[in-house]
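Here the structure is laid out as structure tokens; the discussion comes afterwards.
The values are calculated or read from the model by the stated rules, or taken from the named source; none is laboratory data. Small disclaimer: the values here were computed from a predicted structure and weren't measured. Here the Cβ is made from the backbone with ideal geometry for all residues, glycine too, and neighbour counts use every protein chain on show.
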Amino acid sequence: MPVKILVVEDHADSLEVLTFQLRLMGYEVIEAISGEEGIEKARKHLPEIVIMDIGLPGINGVEATQKLKQNPQTAHIPVIAHTAWKEEDYKREGEKAGILEFLTKPTPPSRFQAAIEKCLKLRMN
């Protein structure tokens, strides 16, 4: 059974490209276009990993991560931030919220693969 990844991204082009790349790598992908939808789908599907954009409409990616980490049902799911924002603008808050990896757009598939594998290993320990 393939690893299930939830991608939370509000820009249609970025979502399409990322979903395509992840599916080529052999992952099952669930898509959400807002923080609220991401939280809902994480609860419903319990993915192995969440890839979270930071600049989302409604609640941003840091706030959505906080909500995931506060819920016992989803608290164990590793979150990877994927954003065009400069890392220094959100990294401290993101770490406090529970984000494990920080990737800046555009991200090469090999870097995504490395971040995903790192999160999966952490999850198994």
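A residue that is under 15 Å from Ile5 (Cβ atoms), out of contact with any Lys or Arg (no Cβ under 6 Å at 6 or more places or on another chain) and in a strand (DSSP E or B) can be found somewhere in segment 103-125.
Scanning segment 48-74 for residues that are of a type in the set (Asp, Glu) and touching a strand residue (DSSP E or B) at 6+ places or on another chain (Cβ under 8 Å), we see that the one that is nearest to Leu18 (Cα to Cα) is Asp53.
Every residue, every condition in (1) among the aliphatic types (A, V, I, L, M); (2) part of a helix (DSSP H, G or I), yes or no:
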{"position": "Ile54", "(1), (2)": "yes, no"}
{"position": "Pro57", "(1), (2)": "no, no"}
{"position": "Val62", "(1), (2)": "yes, yes"}
{"position": "Lys69", "(1), (2)": "no, yes"}
{"position": "Ala75", "(1), (2)": "yes, no"}
{"position": "His82", "(1), (2)": "no, no"}
{"position": "Glu93", "(1), (2)": "no, yes"}
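What number of residues within segment 13-66 satisfy the criterion of being among the aromatic types (Phe, Trp, Tyr) and over 16 Å from Ile77 (Cβ atoms)? Counting residues in segment 13-66 that are among the aromatic types (Phe, Trp, Tyr) and over 16 Å from Ile77 (Cβ atoms) gives 1.
Residues checked against (1) at pLDDT below 95; (2) closer than 26 Å to Met1 by Cα:
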{"residue": "Val50", "(1), (2)": "no, yes"}
{"residue": "Glu63", "(1), (2)": "no, no"}
{"residue": "Gln73", "(1), (2)": "no, yes"}
{"residue": "Trp85", "(1), (2)": "yes, no"}
{"residue": "Lys96", "(1), (2)": "yes, no"}
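Scan segment 30-53 and give yes if some residue there is closer than 19 Å to Ala115 by Cα, charged (D, E, K, R) and surrounded by fewer than 18 Cβ atoms within 10 Å (Cβ to Cβ), otherwise no. Yes, segment 30-53 has at least one match. Candidates Lys44, Lys4: the one that is free of Cβ contacts under 8 Å to residues at least 60 places away in the same chain, touching a helix residue (DSSP H, G or I) at 6+ places or on another chain (Cβ under 7 Å) and over 24 Å from Lys91 (Cα atoms) is Lys4. Do we have Gln113 as under 19 Å from Ile39 (Cα atoms), modelled with pLDDT of 90 or more, among the polar types (S, T, N, Q) and surrounded by fewer than 20 Cβ atoms within 10 Å (Cβ to Cβ) here? For Gln113, the condition - under 19 Å from Ile39 (Cα atoms), modelled with pLDDT of 90 or more, among the polar types (S, T, N, Q) and surrounded by fewer than 20 Cβ atoms within 10 Å (Cβ to Cβ) - is not met. Total residues in segment 99-125 satisfying the condition of being over 17 Å from Leu18 (Cβ atoms) and basic (Lys, Arg): the figure is 3. Applying the set (1) under 20 Å from Arg111 (Cβ atoms); (2) of a type outside the set (Phe, Trp, Tyr); (3) touching a residue at least 40 places away in the same chain (Cβ under 8 Å) to Glu16 leaves exactly one unmet item: (3).
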